[in-house]
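Each remark here refers to the structure printed beneath this line.
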Amino acid sequence: QSYALYPHMTVFDNMAFGLKLEKRSKDEINERVQEAARILQIEEYLQRKPKQLSGGQRQRVAIGRAITRKPKVFLFDEPLSNLDAALRVQMRVELAKLHDQLNATMIYVTHDQTEAMTLADDIVVLDEGIVSQKGSPMELYSNPSNLFVGGFIGSPKMNFVDSKILSATNDSTEIDIFGTSKITIPKTSSNSSNGDSVTLGIRPEHLLVNQDGDASWESKVFVVEKLGSGTFLYLEKDGEPLVVETEGDSNIKVGDTVKVGFTAS
């Protein structure tokens with residue numbers, strides 16, 4: 001997160017500093033710095049001072065300083081948090097390319113679930129220092145083990161609906177939806193019984209707008225976010241709003257009442 005570059009040194013000297021302390025030869029230092037600069041595409045900046053660089057370029061220099069040491073493990077602590085949105089996306093791509101090129105282990109700390117999903121082979125989700133779940137990005141996305149992981153992975157986050165069990169059999173469970181609808185899902189717990197309180201997790205992209213589903217109800221739209229490729233509708237609900245993803249060219253507007261539903265499968 002903090003580049004920690006020496007302001008009075010050139011980019012070359014910043015990247016070479018650790019090697020000089022190791023008393024490497026000039027030829028080896030030059031070779032390693034030039035190789036790291038080539039990988040990071042900062043060869044033309046080697047004679048500049050840090051103040052002459054953009055945030056993304058400084059970030060590359062800091063990474064280059066680590067690359068020259070040829071470590072077996074890279075430790076990144078929120079390296080992109082100081083960058084603007086467009087540069088964050090660009091550097092995320094660069095880091096993914098760098099990981100493939102170096103074939104080194106990278107441990108990457110982030111609060112940005114998009115970074116975690118796009119960069120990681122394995123994600124470890126920590127909640128107050130305790131491991132909530134570990135697995136591949138799609139494992140955590142499709143099968144979160146608890147509410148914390150379900151709410152962290154995915155953008156916008158998973159909707160949580162407080163509900164109760166209407167009836168439970170050996171094979172299925174019938175759940176109340178806002179007191180106006182009900183849905184039957186496969187049995188997931190042997191301990192559930194009639195009247196128990198449950199929390200139903202539904203991702204925005206799994207909700208249907210103005211279509212038939214296994215469960216449906218009506219709600220009023222109070223915010224519309226148009227992103228071009230898709231539109232997010234924020235619907236009135238007790239507690240946090242319900243977020244629904246629909247088509248990018250949707251003509252639904254604030255104040256409209258829409259029918260919302262989802263399928264049990």
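The values are calculated or read from the model by the stated rules, or taken from the named source; none is laboratory data. Computed from a predicted model, the values in this text were never measured in an experiment. Here Cβ is always computed from backbone atoms with ideal geometry, including for glycine, and neighbour counts include all displayed protein chains. For accessibility, only protein heavy atoms count, side chains too; no ligands or nucleic acids. Shrake-Rupley method; radii C 1.70, N 1.55, O 1.52, S 1.80 Å.
Need the full-extension length gain, Asp238 to Lys164, defined as separation in residues times 0.36 nm minus the C-alpha distance. One decimal, nm.
25.1 nm
Could you work out the relative contact order of the chain? I mean the mean sequence separation of Cα pairs under 8 Å and 6+ apart, divided by the number of residues, in percent.
Relative contact order for the chain comes out at 11 percent.
Can you give me the accessible area per residue for the chain, using a 1.4 Å probe, in Å²?
Here the residues of the chain average 58 Å² of exposed surface.
Going by Cα centres, the stretch 120-145 and the stretch 165-181 are how many Å apart?
Comparing the Cα centres of the stretch 120-145 and the stretch 165-181, I get a distance of 29 Å.
So how much slack lies between Ser54 and Asp249, counting 0.36 nm per residue of separation and subtracting their Cα-Cα distance, in nm?
Roughly 66.5 nm would be gained on extension.
Mind pulling the angle between the C-alpha long axis of helix 26-40 and the longest principal axis of the chain? Nearest 10 degrees, somewhere in 0 to 90.
Compared with the principal axis, the helix lies near 30 degrees.
When only DSSP loop residues count, what GluC sites (Glu not before Pro) in the stretch 68-159 have their Cβ near at most 13 other Cβ atoms within 10 Å?
Passing both the DSSP loop test and the Cβ count: Glu128.
With contacts defined as alpha carbon pairs under 8 Å and 6 or more residues apart, what's the relative contact order of the stretch 124-189 in percent?
About 16 percent, as a whole number.
Can you pull out the trypsin sites (Lys or Arg not before Pro) in the stretch 39-131 whose DSSP state is coil and whose Cβ has at most 16 other Cβ atoms within 10 Å?
Arg48, Arg69, Lys72
Name the lysines eligible as straight-distance cross-link partners of Lys70: C-alpha to C-alpha under 17 Å, and not fewer than 8 places from it in the same chain.
By straight Cα distance, Lys70 reaches Lys20, Lys23, Lys26, Lys97.
Between Thr180, Thr199, Thr114, which gets the highest mean-square fluctuation from a Gaussian network model of the chain, Cα cutoff 10 Å?
Result for the chain, Cα springs under 10 Å: Thr180 fluctuates most.
Helix-only mean residue ellipticity at 222 nm, the chain, DSSP H runs n ≥ 4 weighted -39,500 (n - 2.57), per residue, nearest 500. What is it?
Value at 222 nm, helices only: -8500 deg cm²/dmol.
Hey, what do the phi angles of the stretch 119-135 turn into as Karplus ³J(HN,Hα) couplings, whole Hz, using 6.51/-1.76/1.60 and θ = phi - 60°, x for Gly and Pro?
So the Karplus estimates, Gly and Pro as x, are 9, 8, 7, 10, 10, 10, 8, 9, 10, 6, x, 9, 6, 7, 6, 10, x Hz.
What list of whole percents do you get for P(r) of the stretch 1-148, with Cα-Cα distances grouped in 10 Å bins up to the one holding the largest distance?
11, 37, 31, 14, 6, 0
Please give the Cα centre distance for the stretch 194-265 versus the stretch 42-78, rounded to the nearest Å.
44 Å
Please go through the stretch 1-92 and write out the GluC sites (Glu not before Pro) that DSSP classes as loop and that have at most 12 other C-beta atoms within 10 Å.
Glu22
Quick check: the angle from helix 11-21's long axis to the longest principal axis of the chain, C-alpha only, nearest 10 degrees?
So the helix axis and the longest Cα principal axis differ by about 70 degrees.
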